[in-house]
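The values are calculated or read from the model by the stated rules, or taken from the named source; none is laboratory data. As the structure is a prediction and not an experimental result, all values here were calculated from the model. Cβ placement follows ideal geometry from the backbone for every residue including glycine, while neighbour counts extend to all protein chains displayed.
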Amino acid sequence: MTPSVLLFDWDNTLVDGWAAITAALNAVFAAHAMPAWSVADTRARVRGSLRDTFPGMFGEAWRGARDLFYATLADQHLDHLRPMPGAIEALAAAAPWPQGVVSNKAGKFLRAEVAHLGWAPRFAAVVGAGDAAADKPDPAPIRLALAPLRHPADASVWYLGDTALDMRTARAAGCTAVLVGDAAHDGGVARADPDLHFADAHALAAHLAGLRR
């Protein structure tokens, strides 16, 4: 299968920013007398966007929790940001294709991280939580990311992510669901049920390089 467009999830697909997310969550949890999470807890539990999950977690206090989370995250998210192993190679191998990012991280923070890494020129669109009418797993963010490319959401578009939610998002949009990694933090490959699977970003880079040849 040869793609026409490559759309990437962000956290745990292209970058590791879980330490900053965990610290921001724990600041909120401390304010609400809730137990702290480890980074492993955050990897295993964080899937939906803040606007979809915080009301259920904090009830009527969710807006204050949101503000504290974002204030804490703003102070440190760039300091903790690291590319995932193989991500730089995968993006280089993907250079011949139009590329974009679709994430459930708030758009403001997502775009700051893309710029911080110097990756903005690679992406025709960077869509985060709150940018579209709904967040993943709704297909709206994928459709929004494809709009600047004037490309329909179809099976030639690969959406690459690390969780079952990412695979659901791809299918909801009519795109090819591509899993990167073993999804061990999310129930494994079988639960994710991807259309295509790469063991890691290094494997993805090798595959894309082969398609280029």
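Just a few scattered comments:
- Of all residue pairs spaced 6 or more apart or on separate chains, those with beta-carbon atoms under 6 Å, a first member in the range 164-179 that is closer than 15 Å to Arg191 by Cβ and a second member that is surrounded by 24 or more Cβ atoms within 10 Å (Cβ to Cβ) and acidic (Asp, Glu) are Asp166/Asp9.
- Listed by first and then second residue, the pairs linking a residue in the range 63-87 that is closer than 30 Å to Phe198 by Cα to a residue that is of a type in the set (Ser, Thr, Tyr), with Cβ atoms under 8 Å apart and 6 or more places separating them unless they lie on different chains, are Met84/Thr13; Ala87/Thr13.
- In summary, Ile142 fulfils each of the numbered conditions (1) part of a helix (DSSP H, G or I); (2) without any contact (Cβ under 8 Å) to a residue 24 or more places away in the chain; (3) under 17 Å from Gly107 (Cα atoms) with the single exception of condition (2).
- The range 196-213 residues that are at positive phi, paired with ones that are modelled with pLDDT of 95 or more and exposed (fewer than 14 other Cβ atoms within 10 Å of the Cβ) (beta carbon under 6 Å, 6 or more apart): none
- Residue check, Gly86 buried (at least 17 other Cβ atoms within 10 Å of the Cβ), at positive phi and in the same structural domain as Val157 (by TED's automatic domain parsing): yes
- Count - residues of the range 1-36 that are of a type in the set (Asp, Glu) and in a loop (DSSP other than H, G, I, E, B): 1
- Set side by side, the residues Asp166, Asp135, Asp154 differ, and just one is part of a loop (DSSP other than H, G, I, E, B) and under 16 Å from the mean Cα position of the chain (by Cα), which is Asp135.
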